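Structure first, commentary second.
Taken together, the values in this text are just the output of simple stated rules run on the coordinates, not laboratory data. It should be emphasised that the depicted structure is a prediction, and the values quoted were computed from it without experimental measurement. Quick reminder, even Gly has a Cβ in these numbers, built from the backbone with ideal geometry, and neighbours come from all protein chains shown.
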Amino acid sequence: MAMILKLFTLLLTISQSRSNKRLLGNPGFDNADAWESGYLPCALEQVIFPETYPAVLPFPNKVDISGLVLPRDGAIIFSDESTITLGGELQQRECENGRSRRAYLKTPSTRKWYDPNSWVSTTAHAENTAIPHLERVPCDNETVVLQRTGPLSVDLENIAYLRMGHLNLAGSLISSDYLNYLIHTDIGQLLFKNSLDTMVQYYHQDTCGCQMDAYLFTEPICKNVIETCERPHCLVPVTPLESCCPICGSVLRFAMEYCSEGNLNKLRKLIAAAIKEQELTADLDYHINYVNTPPQGNYLQAIVVDRDGYSEKSVRFMERLNATTDWSKLFEGPHQLEMITSGRPYNPNITFGSIVLIILCLAFVSLVALVMFAHYAPDHRYLHLVPQWTYDPNRWRAFLLRSSVMFARFDNVTAGGVDADVTDGPTMGYDAESGQVRERAFDNPMFGGVGAGITSTSAAVSTQSAHGSTTTTAAIVTVGMPKVKEQKLAMKSSGSKLESVTLVDAMEGSDNEEAQELTEITLEDLTGVNDGAEEETKE
């Protein structure tokens with residue numbers, strides 16, 4: 001009778017528990033992933049355990065193998081209906097080539113109790129991104145399920161108190177008294193590692209938060225989470241209570257004197273109705289619960305986040321909800337409101353260097369496109385809006401090519417002739433400043449003539465002086481030819497003057513050649529010649 005009453009009480013607590021959390025186990029004996037070879041052993045194969053097997057392995061109901069090689073440390077759980085056939089008599093699965101082999105089991109991994117990644121919630125909000133980390137491990141009043149589908153091993157990390165609603169171990173309900181006894185045995189140490197100083201406590205229907213004294217569990221839980229925290233994509237992230245990582249979203253927090261189930265349900269209904277009214281059901285995730293943090297007190301906290309990337313929808317929703325709700329009429333008893341929202345979104349993976357590189361690439365592509373456009377449409381009206389130097393390649397030659405110096409060669413001779421080739425006309429050039437094509441700055445018409453010989457040394461010399469001026473003058477002496485053509489030249493130079501003289505061009509032979517001789521004589525030379533001529537005359 002006492003056993004029936006105890007079983008009825010246990011079933012009643014199961015029905016009262018709000019949700020269950022199931023431990024993520026290892027692949028079981030009848031799973032191909034549990035074997036080194038990648039396939040299940042057949043009837044003629046011998047099963048070999050690792051030398052040390054740090055877990056409790058539940059055996060399936062029927063096993064047909066050649067034999068077993070057990071480990072030094074480890075444990076096996078058999079059910080009441082388990083049947084093991086050794087020697088390969090049943091042969092329910094054919095062996096490859098009919099030869100006996102050895103099948104090796106993999107070493108199982110040990111899950112951490114206070115690691116949120118070790119648990120799967122069975123509630124409808126299992127994929128809710130707004131649930132804080134401390135509520136992703138078994139709460140004080142939740143059912144913990146350790147399935148018999150694979151090796152069982154949990155690390156309690158030497159925690160002082162292990163709190164839960166109750167424990168379902170491999171399909172069996174375990175009371176708190178038996179669990180306190182089990183964790184101190186050899187098989188209990190394989191099942192619950194680092195648990196010699198741990199005391200198990202069962203709690204039922206505690207509405208004031210998921211964890212009593214949440215600050216005691218913050219350190220062991222956040223130690224397993226902090227390395228996996230993602231960088232928030234907002235300027236001012238927020239960190240809700242019971243959360244180890246900053247997030248992007250909004251938090252509504254009410255300081256309460258006591259935990260009231262009525263206030264909790266009212267806030268849940270209000271936020272659910274507001275999300276449905278604003279048609280944000282597919283865009284937002286929210287979570288509402290009490291948080292017990294002595295000595296600060298009790299807080300009723302509502303967390304709202306964007307489901308698919310932060311886009312400030314959660315912030316705008318919370319600001320609108322706060323502006324349109326009279327909280328004093330909603331809650332029973334005194335309360336103090338605090339609303340926290342994150343900043344504007346941004347991508348933390350974009351650096352200053354990447355931005356500069358993107359800008360330079362866009363500028364280069366735009367410049368190339370502008371040059372191509374100017375090449376195929378040089379008279380387009382939109383080109384007048386752009387400076388010419390940006391798309392004219394001729395403007396860039398001064399930077400890309402070395403400038404060539406223009407010069408002319410002069411041969412000053414006193415007696416003799418100069419042989420040179422004839423240049424066909426003046427050479428054309430490009431003026432980069434005005435954009436016009438012009439002749440070169442200096443064009444010597446006397447350069448390039450082919451000498452035809454000196455016919456007479458007593459050619460007429462035409463000279464002019466500047467009315468008794470002492471400035472240096474120059475005269476040009478030319479040799480007479482059959483056909484004569486006169487030209488007037490006026491030239492100026494610094495420190496000297498070249499007076500206007502008569503230039504005689506001689507042409508002979510074909511029309512394509514010119515014979516010229518240019519002699520420069522200073523006034524001092526002319527004075528000497530005149531003096532000599534006068535002396536001869538006197539004689």
Inset, instruction - Could you please report the charge total around His133, scoring K, R as +1 and D, E as -1 over all other residues with beta-carbon less than 14 angstrom from its beta-carbon? - result: -2
Legend entry - For region 350-364 versus region 237-277, the gap between their alpha-carbon centres in whole angstrom: 42
Legend entry - Estimated inter-spin distance, Gln278 and Cys222, nm [label 7 Å along Cα→Cβ]: 2.9
Legend entry - Estimated distance in nm for a label pair at Tyr178 and Thr122, the labels positioned 7 Å out from Cα along Cα-to-Cβ: 1.8
Inset, instruction - Of the listed pairs Lys112/Lys269; Lys106/Lys193; Lys112/Lys266; Lys193/Lys223, which have alpha-carbon separations greater than 28 Å here? - result: Lys112/Lys269; Lys112/Lys266
Legend entry - Nitroxide proxy distance, nm - points 7 Å out along Cα→Cβ at Ala32 and Tyr346: 5.1
Legend entry - Length added when fully stretched, Thr149-Ile187, from 0.36 nm per residue minus Cα-Cα: 11.9 nm
Inset, instruction - Kindly rank 32-41, 282-291 from highest to lowest mean number of other beta carbons found within 10 Å of each residue. - result: 282-291, 32-41
Legend entry - Neighbour-count order for Phe192, Phe217, fewest beta carbons within 10 angstrom listed first: Phe217, Phe192
Legend entry - Residue-count net charge about Asp308 - beta-carbon cut-off 11 Å; Lys, Arg +1, Asp, Glu -1: -1
